[in-house]
1. Are there any pairs, at least 6 apart or on different chains, whose C-beta atoms fall under 9 Å, with the first in region 99-115 and within 14 Å of Gly57 (Cβ to Cβ) and the second among the charged types (D, E, K, R) and open to solvent by less than 60 Å² (accessible area, probe 1.4 Å), and if so, which?
2. Looking at the structure I just gave you, is Asn21 over 25 Å from Asn81 (Cβ atoms) and touching a residue at least 24 places away in the same chain (Cβ under 8 Å)?
3. Name the residue, out of Ser50, Ser73, that is among the small types (Gly, Ala, Ser), over 23 Å from Ser8 (Cα atoms) and modelled with pLDDT of 95 or more.
4. Of the numbered conditions (1) buried (at least 17 other Cβ atoms within 10 Å of the Cβ); (2) modelled with pLDDT under 95, Asp35 fails exactly one; give the number of that condition.
5. For Asp30, state whether it is open to solvent by less than 70 Å² (accessible area, probe 1.4 Å) and of a type in the set (Asp, Glu).
6. Filter region 62-76 for residues that are open to solvent by 50 Å² or more (accessible area, probe 1.4 Å) and of a type in the set (A, V, I, L, M) and give the result.
7. Just to be sure, is Met126 open to solvent by 70 Å² or more (accessible area, probe 1.4 Å), in a helix (DSSP H, G or I) and closer than 30 Å to Gly13 by Cβ?
8. When region 1-11 is examined, which residues are found to be β-branched (Val, Ile, Thr) and part of a strand (DSSP E or B)?
Amino acid sequence: MGTTNHISTKWIGGMAFESNNPSGLNLTIDAGPDDGGEGNGLRPKALMLSGLAGCSGLDVASLIKKMKLEVDSFTIETIANLTDVHPKYYDHVVIEYHFHGANLNEEKLQRAVDLSVEKYCGVMEMFRRFAELEIKTIFHQD
């Protein structure tokens with residue numbers, strides 16, 4: 001049987017909630033003013049995109065280290081299309097991996113991205129269940 005995560009999310013007034021994390025850290029979730037909130041927290045759907053990028057980013061960062069690759073900076077951009085009809089969900093997500101550096105090994109970096117996307121990132125697999133994913137790797141040789 002797999003690991004079980006238990007998250008507690010408590011209403012703290014208005015449209016805001018505080019949610020804990022197995023790491024011991026907390027985060028605030030809030031709606032924007034257009035939806036009755038104060039905008040003092042993260043939006044749930046946007047948080048899903050952060051989780052997707054973070055999951056894959058951790059994989060790729062680990063592989064960069066293991067492969068001893070030279071990378072000056074690395075950014076993941078997620079651009080997601082939200083459906084118009086309730087319940088609104090992401091039906092198409094573009095995930096762009098941007099690598100910056102003077103000595104980028106493009107072949108190995110692409111392999112790191114591919115391993116994350118195809119094998120390691122569980123959040124990526126969850127997204128695959130409801131969205132079309134488009135993966136792009138962009139190299140910026142300085």
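The values are calculated or read from the model by the stated rules, or taken from the named source; none is laboratory data. All values derive from a computational prediction rather than experimental measurement. Virtual Cβ from ideal backbone geometry, glycine too; neighbours counted across all protein chains shown. Remember, those area values only see protein heavy atoms, side chains included, never the ligands or the DNA or RNA. Shrake-Rupley method; radii C 1.70, N 1.55, O 1.52, S 1.80 Å.
1. Sorted first by the residue in region 99-115, then by its partner, the pairs are Ala112/Asp59; Val113/Asp59; Leu115/Asp59.
2. The answer is no for Asn21.
3. Ser73
4. Every condition holds for Asp35 apart from (1).
5. In short, yes.
6. Once the filter is applied, which keeps residues that are open to solvent by 50 Å² or more (accessible area, probe 1.4 Å) and of a type in the set (A, V, I, L, M), region 62-76 yields only Met67.
7. So Met126 fails the test.
8. The answer is Thr9, and nothing else.
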